[in-house]
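Okay, so here's the structure we're looking at.
The values are calculated or read from the model by the stated rules, or taken from the named source; none is laboratory data. On a predicted model such as this, the values are computed, not experimentally measured, just so you know. Don't worry about glycine lacking a Cβ; one is built from the backbone with ideal geometry, like all the others, and counts go over all protein chains shown. In case anyone asks, the SASA skips ligands and DNA or RNA and just uses the protein heavy atoms, side chains included. Shrake-Rupley method; radii C 1.70, N 1.55, O 1.52, S 1.80 Å.
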Amino acid sequence: MPGIPLLRPRTAAAAVLALAVLLLTLAACSPATGASPPPGSPLPVVSSTAILADFARNVGGDAVTVSSIIPPGADIHTFRLTPGDSARISRARLILTNGAGLDDFLDAAIASARNHGSVSLAVANGLALPVDRQPVASSQHADEDHGDGPHLWLDPAYAMLYVERIRDALAAVDPPRAAVYERNAASYLRHLRDLDEDIARALSAVPAQRRVLITFHDAFAAFTDRYAFERQALAGVQGGDITPQDVVRLLASVRRRGIPAVFAEPQFDEKILRQAAAEAGVAVGVIRSDTLDAQTPTYLAMMRANAASIAALLSERAP
Ligand SMILES: [Zn+2]
């Protein structure tokens, strides 16, 4: 296979460790034939989304090179793979997808393109918050919303679980640098804990009767559960077509509840949402869910911008 260096075989002990750590969460491809990269050379990692790539870069630091398959700003829910993506997948030692129905359309392509020593991890599959990370205050629909949809990273408590799984996967694929991944992850996890507190503080400016987050696609279940908002959306969790009935339903709700703003997402055509908002006489903010871009190039920046946007448009001080 051109471009893939000859690597020393992983020891049996490391293979056993890898299986123990990644039990139930990894589809390990012939772990006995896997190998660590030569000392000093970065571990190639491929992720489906830019947000997963950001997590992997924070955990991997200089020890990894990370690229995402779905380009910044693209709509995950309608994305299709190119031949260049297959080549990148074939060179990767760790392949990260979200799973939980978000990017499962990549599974077949990954299975056929990945190299023999690689590990593929669907980070969100089977993920559940431990008791000490449950939301402090639950929204009135929290029970029915909990775990609804694949966009779990929009709750920083789930993002922390993502990061822990990525840390464990990197350590299993590349045991000599496990301590590096452990140290980097510990530092980034502290940032995520701070992020959670900062978002809660920013959103405390939004009174209870205005705690309704109205977005284009139904991506914010984990977020609204965590910060005690209700949520409504024009389109379902996978985006998709909007019917006139969807618009009528949303407008009626916005008027009845006196909600001052709805939120467009840059990766979707926002024309319908803007028309609906203009008809209802409410403001349109911007919020991000699936992808990073030049305005918010990291997960931390995206989440802080989302909280600032929501606080600015839904607080008592909002117009
Ligand atoms: Zn989405």
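General observations
- Residue 213 long-range amide H proximity, modeled H, under 5 Å: 230, 231, 232
- FRET efficiency, residue 116 to residue 148 (Cβ-Cβ, R0 51 Å, nearest 0.05): 0.85
- Nitroxide proxy distance, nm - points 7 Å out along Cα→Cβ at residue 62 and residue 134: 4.4 nm
- Amide proton proximity set for residue 119, modelled H, under 5 Å, gap of 5+: 94, 95
- Computed lengthening from residue 105 to residue 286, 0.36 nm per intervening residue step minus Cα-Cα distance: 62.4 nm
- Protein accessible area in the range 207-314, 1.4 Å probe - carbon and sulfur %: 56 percent
- The calculated FRET efficiency for the pair residue 194 and residue 87, based on their C-beta separation and a Förster distance of 51 Å, comes to about 0.85.
- Viscosity 0.692 mPa s, temperature 37 °C, Stokes-Einstein D of the range 207-314 from Kirkwood C-alpha radius, µm²/s: 236 µm²/s
- Whole-Å distance, taken between Cα centres, linking the range 241-280 and the range 39-74: 35 Å
- In plain terms, the chain from residue 274 to residue 249 could stretch by 7.5 nm, reckoned as 0.36 nm per residue minus the Cα-Cα distance.
- The share of C-alpha pairs in the range 143-265 whose separation exceeds 25 Å stands at 39 percent.
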